[in-house]
Amino acid sequence: MKKHVLIGVTGGIAVYKVLDVASKLRKLGYEMNTIMTENACEFVNPLSFETLTNNYVVTDTFARPHKWEVEHIALAKRTDLMLIAPATANIIGKIANGIADDMLSTTVMAARCPVVIAPAMNTAMYENPIVQENIAYLKSKGYLFIEPEAGWLACGDVGSGKLPTPDTIVDYVTKTLEKEKDLLGKHILITAGPTVEAIDPMRYITNHSSGKMGYSIAEDAVKRGAEVILVSGPTHLECPAGVKRVDVKSARQMYDAVHEHFEWADAVIKTAAVADYRPEQESNHKIKKNGNTLMLNLVPNPDILKSLGEKKTHQVLVGFAAETENIIDYAKAKIEKKHLDFIVANNIAQAGAGFKGDTNIATIIKANGEMITCPQMTKSELGDIILDQVKNYFN
């Protein structure tokens with residue numbers, strides 16, 4: 001059966017590129033429909049999309065449908081992927097706030113398929129904190145984004161906000177639609193987020209890990225057919241669909257949860273930033289300020305990754321090395337010390353590679369010395385590369 005792509009077109013000069021996207025997708029054999037906002041129709045006549053997709057274009061929520069059906073629901077039900085391109089700040093804001101006041105935003109609310117959003121706008125608008133917060137929020141809810149390119153914009157500015165080339169968009173759409181279930185039947189155990197070590201009922205020791213890297217890998221692994229258990233420290237992220245999440249707080253709780261599921265796993269990917277130390281004594285009551293220096297005696301937490309390396313049998317074991325100096329040397333030492341198959345090393349002080357962002361920059365180092373450089377990319381893209389490497393050990 002042909003897969004169905006629904007293109008949502010909003011009002012921006014980059015609409016002309018989306019005509020080429022529609023043409024290329026049609027040539028690849030996808031069935032297509034188009035929804036155009038009122039503003040989009042000011043840039044391109046709906047007839048252009050009708051001609052290229054061989055299907056009618058929807059522009060008005062209250063227009064009489066071509067056959068009897070609740071049209072926005074019917075379109076959403078038969079769509080395998082929804083692409084919004086170009087996506088203006090307006091439509092991004094509407095979706096982020098649950099506003100459904102036209103045919104496009106209403107259909108997005110009804111969609112249960114992947115929704116891919118390709119922003120295109122002036123650099124100042126794209127970098128506006130409100131727009132960035134809306135984008136970050138939508139990403140946390142599972143919406144997919146094709147990052148805009150930097151370059152000369154129609155307004156004359158130079159910067160980020162340019163709609164990517166049609167080939168880039170088509171490649172992203174086809175890979176999302178046709179993602180191979182190459183991990184079907186495999187069991188993957190992933191850890192993510194920080195751990196917290198209590199000082200008293202009010203205070204604790206933790207770190208800046210957001211959990212985004214581990215959650216991205218978990219989501220990618222499920223899409224590729226794997227069964228996934230995600231052992232997660234405290235985060236504000238929603239569990240990806242199809243993933244079984246085990247919530248923990250402390251390093252010792254994570255140790256217990258990981259060992260409980262270790263034999264089940266074919267691969268373990270340890271992205272969590274585990275606290276190396278914990279207070280020797282946890283106070284049952286809030287420690288009161290008395291003006292004197294407070295001394296905390298810290299003791300080591302169990303080394304979860306090393307303990308797994310010492311007992312692994314068939315499992316592929318992957319570690320992460322978040323460092324600020326001597327990145328490669330420290331990572332190589334961890335491979336040997338903890339009996340890893342490979343490690344993902346990054347400099348958390350480097351822009352684009354930190355804990356809380358949506359991108360990462362990394363080097364994958366294998367036990368045999370082979371190294372794979374991964375330039376700045378989304379954490380989801382890096383997650384797929386990591387899973388590709390894990391898959392190689394299964395063959």
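Numbers below:
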{"item": "Residue tally, condition out of contact with any Phe, Trp or Tyr (no Cβ under 9 Å at 6 or more places or on another chain) and buried (at least 19 other Cβ atoms within 10 Å of the Cβ), over the range 228-244", "result": "3"}
{"item": "Residue in the range 165-192 that is surrounded by the most Cβ atoms within 10 Å (Cβ to Cβ), counting only those that are charged (D, E, K, R) and under 27 Å from VAL268 (Cα atoms)", "result": "LYS186"}
{"item": "Identity of the residue in the range 8-30, assigned to a loop (DSSP other than H, G, I, E, B) and of a type in the set (Val, Ile, Thr), that ends up nearest to THR88 (Cα to Cα)", "result": "THR10"}
{"item": "Identity of the residue in the range 193-216, polar (S, T, N, Q) and over 18 Å from the mean Cα position of the chain (by Cα), that ends up surrounded by the fewest Cβ atoms within 10 Å (Cβ to Cβ)", "result": "THR206"}
{"item": "One residue from LEU308, LEU298, LEU317 being at pLDDT 95 or above and under 25 Å from ILE199 (Cα atoms)", "result": "LEU298"}
{"item": "Helices (runs of 4 or more DSSP H) (entirely within the range 80-136) containing at least 1 residues that are closer than 15 Å to ILE146 by Cα and without any contact (Cβ under 8 Å) to a residue 60 or more places away in the chain", "result": "89-96, 123-127"}
{"item": "The range 251-277 - residue that is among the charged types (D, E, K, R) and under 19 Å from ALA322 (Cα atoms) and, of those, surrounded by the fewest Cβ atoms within 10 Å (Cβ to Cβ)", "result": "ASP276"}
{"item": "Members of the range 121-144 found to be small (Gly, Ala, Ser) and over 20 Å from the mean Cα position of the chain (by Cα), listed by number", "result": "ALA124"}
{"item": "Residues of the range 325-352 satisfying the condition of being under 20 Å from GLN376 (Cα atoms) and of a type in the set (Gly, Ala, Ser)", "result": "ALA331, ALA345, ALA349, ALA351, GLY352"}
{"item": "Verdict on PRO234 being modelled with pLDDT of 95 or more and over 31 Å from the mean Cα position of the chain (by Cα)", "result": "no"}
{"item": "Residue list for the range 285-306, restricted to those being in a loop (DSSP other than H, G, I, E, B), β-branched (Val, Ile, Thr) and surrounded by 10 or more Cβ atoms within 10 Å (Cβ to Cβ)", "result": "ILE287"}
{"item": "Qualifying residue in the range 226-233 (condition: within 24 Å of ALA353 (Cβ to Cβ), in contact with a Gly (Cβ under 6 Å, 6 or more places away or on another chain) and in a strand (DSSP E or B))", "result": "yes"}
{"item": "Some residue of the range 348-356 being over 19 Å from ALA273 (Cα atoms), assigned to a loop (DSSP other than H, G, I, E, B) and either free of Cβ contacts under 8 Å to residues at least 12 places away in the same chain or charged (D, E, K, R) (or both)", "result": "no"}
{"item": "Residue count, the range 54-80 (criterion: touching a Ser or Thr at 6+ places or on another chain (Cβ under 6 Å) and at pLDDT 85 or above)", "result": "1"}
{"item": "Condition check for GLU238: closer than 17 Å to VAL318 by Cα, acidic (Asp, Glu) and out of contact with any Pro (no Cβ under 9 Å at 6 or more places or on another chain)", "result": "no"}
{"item": "Of residues in the range 271-310 being out of contact with any Lys or Arg (no Cβ under 9 Å at 6 or more places or on another chain) and charged (D, E, K, R), the one nearest to PHE342 (Cα to Cα)", "result": "ASP276"}
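Yes/no matrix, rows are residues, columns are (1) surrounded by fewer than 21 Cβ atoms within 10 Å (Cβ to Cβ); (2) outside any strand (DSSP E or B); (3) in contact (Cβ under 8 Å) with a residue 12 or more places away in the chain; (4) touching a strand residue (DSSP E or B) at 6+ places or on another chain (Cβ under 7 Å):
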{"residue": "GLY309", "(1), (2), (3), (4)": "no, yes, yes, yes"}
{"residue": "GLY319", "(1), (2), (3), (4)": "no, no, yes, yes"}
{"residue": "LYS332", "(1), (2), (3), (4)": "yes, yes, yes, yes"}
{"residue": "LEU387", "(1), (2), (3), (4)": "no, yes, yes, no"}
{"residue": "ASN392", "(1), (2), (3), (4)": "yes, yes, no, no"}
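The values are calculated or read from the model by the stated rules, or taken from the named source; none is laboratory data. On a predicted model such as this, the values are computed, not experimentally measured, just so you know. Cβ sites come from the backbone with ideal geometry, for glycine too, and all protein chains shown count toward neighbours.
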